[in-house]
Amino acid sequence: MFLGCGSSETRPASPSVSMLGILNDSTVVLKVTKNQETCVETLLGNSCYGKYAVNQYVAVFDLRSHLSLVQSLEIDTSYSLVTQVSDSSFVFLNGNGVLGYYNSSKNQFDEVAINWGTCNVINKNLRARIWRNETILLSSYRSNSVDSQCDFIEVDIISKSMQPVLLAGDYKWLIDCDDFYFSSEIDKPVCAMLSNTLSCNIFLFIDGIVKDSVLLGDKSCELIGSSGRTYNLNWLGNYLVTPKSSNSSNYLSQKLLGDTVMSVDANESTFNRQMPEMWLSVTGIVFDGSFMPYSSFPFNNLLEN
């Protein structure tokens, strides 16, 4: 309660919620941040400012079971997500270059201090993907150059070591991919690539040969992509996410602003066309025909801690 005009106090602010990744066709991982702000009483009412994070959680939700919270884990607010790297693991990074590794199957978060040498990973838009021998490949987002020694960095979580990697020889063709990862199921890289000619198609490549494809629209990718956004592909474990709009007037506005999710069979490296419809937007998730705003998720148990 305010004591009078000009006095101030710290109050709970609305939480911040963002998508971290997808575990299976109905289970998602969110980052939930508990915030506070400073409010000052003025002659015109209360003025609040300076919203800041107090606690940060990795939270797993089941979309089918009434948005039930499956598990959660608090992590330090200094960590921000790099990307989901497999069906159960996520890579984070803080401002000191310390790598955070979250394993959803164990609900465990490990801090890994790595000597990055001459490679700068701070304040860079990075992407992390599973690589050979269960290592992680860090790359500058949308990098399509092999000139820089640090464009690709192989990280070993177990030994806490790193080494720059050049995509050469058998892997040189991966430079042209929109996104790729190394599949332990087939012991080869899986490449996702957009074909942007008269129509917009996504192709999956193995050894440089098309394995499967899906048609996104009968126009070029730039024309069907969301306005003002870069049209790209993004692996989230065994799921491929890409901006997509639709010509159908029945689609919710959230879909027009969001990303569509496509499941990929890890063993066959083909699209799973039986997956329930899923779209991701900044305000919530469209799942199996219903829009689930983040504001409807049961965060109370997390935020009351």
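Go through region 29-45 and give me each residue that's more than 28 Å from Val282 (Cα to Cα) and either in contact with a strand residue (DSSP E or B) (Cβ under 9 Å, 6 or more places away or on another chain) or not in a strand (DSSP E or B) (or both). Selection gives Val40, Glu41, Leu43, Leu44. When each of Ser47, Ser18 is tested for being among the polar types (S, T, N, Q), at pLDDT below 95 and touching a Lys or Arg at 6+ places or on another chain (Cβ under 7 Å), the lone residue that passes is Ser18.
Every condition in (1) more than 30 Å from Ser195 (Cβ to Cβ); (2) of a type in the set (A, V, I, L, M, F, W, C); (3) over 20 Å from the mean Cα position of the chain (by Cα) holds for Ile122 except the one numbered (3). Residues that are polar (S, T, N, Q) and farther than 24 Å from Phe61 by Cα number at least 3 in none of the strands (runs of 3 or more DSSP E) confined to region 72-141. Within region 58-71, count every residue that is in a loop (DSSP other than H, G, I, E, B) and either among the small types (Gly, Ala, Ser) or modelled with pLDDT of 95 or more (or both). Number satisfying all stated conditions: 1. Within this structure, Ile153 passes the test of being under 21 Å from the mean Cα position of the chain (by Cα), surrounded by 12 or more Cβ atoms within 10 Å (Cβ to Cβ) and either on the phi < 0 side of the Ramachandran plot or part of a helix (DSSP H, G or I) (or both). Summed over region 28-75, the residues that are over 12 Å from Leu303 (Cβ atoms) and free of Cβ contacts under 8 Å to residues at least 24 places away in the same chain give a count of 8.
Scanning region 196-218 for residues that are in a loop (DSSP other than H, G, I, E, B) and at pLDDT 85 or above yields Asp207, Gly208. Scanning region 106-134 for residues that are within 20 Å of Asn238 (Cβ to Cβ), at pLDDT 95 or above and polar (S, T, N, Q) yields one hit, Asn107. If you go through region 71-110 and pick out every residue that is hydrophobic (A, V, I, L, M, F, W, C) and more than 19 Å from Leu126 (Cα to Cα), you end up with 3. Filtering region 85-120 to residues that are out of contact with any Ser or Thr (no Cβ under 9 Å at 6 or more places or on another chain), β-branched (Val, Ile, Thr) and free of Cβ contacts under 8 Å to residues at least 40 places away in the same chain leaves only Thr118. Going by the conditions given, is Ser16 out of contact with any helix residue (DSSP H, G or I) (no Cβ under 7 Å at 6 or more places or on another chain), over 28 Å from Gln274 (Cα atoms), free of Cβ contacts under 8 Å to residues at least 12 places away in the same chain and of a type outside the set (A, V, I, L, M)? Considered against the rule, which asks whether it is out of contact with any helix residue (DSSP H, G or I) (no Cβ under 7 Å at 6 or more places or on another chain), over 28 Å from Gln274 (Cα atoms), free of Cβ contacts under 8 Å to residues at least 12 places away in the same chain and of a type outside the set (A, V, I, L, M), Ser16 comes out as no.
The values are calculated or read from the model by the stated rules, or taken from the named source; none is laboratory data. Not measured: the values here are computed from a predicted model. Counting neighbours? That spans all protein chains shown, and the Cβs are built from the backbone with ideal geometry, glycine included.
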